[in-house]
Amino acid sequence: MKVLFIGGTGNISSSVSRLAVDRGIELYLLNRGKRTSSIAGTKSMTGDIKIPKEIKSILKNHAWDAVVNWIAFNEQDIDRDYELFRGKTKQYIFISSASVYQKPLAFPIVTESTPLANPFWQYSRDKIACEMKLNFYYRQEQFPITIVRPSLTYDTVIPVPIGGWTEYTIVDRIKKGKKIIVHGDGTSLFTITHSDDFAKGFLGLVGHQQAIGETFHITSDEILTWNQIHQALAQAVGCEARIVHIPSDVLASVDDELRGSLLGDKATSVMFDNTKIKRFVPEFSAIIPFNRGIQRTIDWFESDPARQQVRKETNDWMDKIIICYEDALKF
Ligand SMILES: NC(=O)c1ccc[n+]([C@@H]2O[C@H](COP(=O)([O-])OP(=O)(O)OC[C@H]3O[C@@H](n4cnc5c(N)ncnc54)[C@H](OP(=O)(O)O)[C@@H]3O)[C@@H](O)[C@H]2O)c1
């Protein structure tokens, strides 16, 4: 198969790119070439997807078995891709997000037919709009779409909502014995998926003739509390987590980004039903438990000091919120 990834060197897509190469896919990666680590066996195309004229000229003379856009976030991106790829690919895969599912959830077990509505997060509403646009192109023009909704998925990021992701602030605090914030009382349930596991489910859909017009989420079956997630992170660093619990709606009221990320996603207990991806891709099974996967992630960060970005603003913000909240509790 000849496949194009727009992106392909990111947190999720790097794992998929590596496995695709292992499986003998002829893989082209179109990105701006800003990442230092390259993926052996792929063919690079350097360009900015936001400059369609440049991309058109790079892609002319190519036809694809599948195109995956890892970085489409709004309807304009979908319209652009439709113009770029109609008649040029047998499958177009859009990376959506499991945060599109109804918030708060009326029922905690989520299937692909759970309603889509997220009043808390614009990012999710934009992904919903992308999905609707793609379904329109599929119905009206037979554009061969497949929609994939990752939930929280990690490899080269710290997958916690406060002080993590590409930042190393939370790890630095844990190492120094400083307090860290866990939303709610830390007992709400979430699933975190390693990118290497996600890759196995995802690649089973690439070139799958019955996946056209279909939508899937792909997650681990491991369900953890946020206390367990933070404790596993601390354990990977070899320290104790000094957790301060702060209600999610309090955190949401002081930070708009957290309103989306918590109330629109991570503060809601969720259990993903992965029956559909397992039916289409029977070999898919997620085998990396979080406490092992996060150890690999920490090792990756520790192997290069440049990766360990500790932000003073985040540290100050966390200190301030913790002091205010603990003071308020004294009344
Ligand atoms: N991780 C999660 O928990 C999660 C959950 C739900 C949904 N998602 C979805 O997953 C996707 C992110 O995938 P990822 O983690 O692999 O991506 P990522 O880590 O954000 O990587 C972005 C990739 O896109 C390239 N890129 C960025 N801007 C570009 C531009 N203007 N033109 C061309 N290439 C560009 C980057 O390379 P250069 O910088 O070199 O250009 C890189 O290859 C998003 O759609 C997100 O909504 C993620």
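Where a number appears in this text, it was derived from the coordinates with a stated rule and is not lab data. Bear in mind the structure is a predicted one, so any value in this text is a computation, not a measurement. Every residue, glycine among them, receives a Cβ derived from its backbone with ideal geometry; neighbour counts consider all protein chains shown.
Okay, here's what the table says:
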quantity	calculated
Relative contact order of the chain, defined on C-alpha pairs under 8 angstrom at six or more residues apart (%)	18 percent
Pair Thr111, Lys50: separation of 7 Å Cα→Cβ label points (nm)	4.0 nm
Integer Hz, Karplus 6.51/-1.76/1.60 couplings in order for the range 44-57, x for Gly and Pro	8, 10, 9, x, 10, 4, 7, 10, x, 4, 4, 5, 4, 6
Karplus (6.51, -1.76, 1.60) ³J(HN,Hα), θ = phi - 60°, over the range 116-130, in Hz, Gly and Pro reported as x	9, 5, 9, x, 9, 9, 4, 3, 6, 5, 5, 5, 4, 4, 4
Phe190, Phe284 arranged by Cβ crowding within 10 Å, fewest neighbours leading	Phe284, Phe190
Residue pairs, from the table Lys103/Lys178; Lys53/Lys276; Lys50/Lys90, whose Cα atoms sit over 30 Å apart	Lys103/Lys178; Lys53/Lys276
Burial ordering of Lys50, Lys179, fewest other beta-carbon atoms within 10 Å first	Lys50, Lys179
By average C-beta atoms within 10 angstrom, highest first, the peptides 252-264, 215-227	215-227, 252-264
Hz values of 3J(HN,Hα) by residue in the range 75-81 - Karplus curve (6.51, -1.76, 1.60), Gly and Pro given as x	4, 5, 4, 5, 4, 4, 5
Nearest 10 degrees, 0 to 90: helix 195-205 Cα axis against the chain principal axis	30 degrees
Proportion of all alpha-carbon pairs of the chain beyond 38 Å (%)	16 percent
Amide hydrogen neighbours beyond the local backbone of Arg149, cut-off 5 Å, H modeled	Ser96, Phe216, His217, Ile218
Cα-Cα over 21 Å, subset of Lys176/Lys320; Lys175/Lys320; Lys34/Lys60	Lys34/Lys60
Residue (of Leu134, Ile158, Gly201) at the positive-pole extreme of the range 101-245, dipole from beta-carbon charges	Ile158
Set of aspartates and glutamates near Lys88 by C-alpha distance (under 13 Å), chain-local residues within fewer than 8 positions excluded	Asp65
Among Asp185, Asp22, Asp48, residue whose mean-square fluctuation peaks in a GNM of the chain (springs only between Cα atoms under 10 Å)	Asp22
Computed [θ] at 222 nm, deg cm²/dmol, the chain (DSSP H ≥ 4; -39,500 (n - 2.57); rounded to nearest 500)	-11500 deg cm²/dmol
Debye, to nearest 20: dipole size of the range 199-331, +1 on Lys, Arg Cβ, -1 on Asp, Glu Cβ	380 debye
Sequence ranges 243-249, 5-11, 301-307, ranked by mean other-Cβ count within 10 angstrom, highest first	5-11, 243-249, 301-307
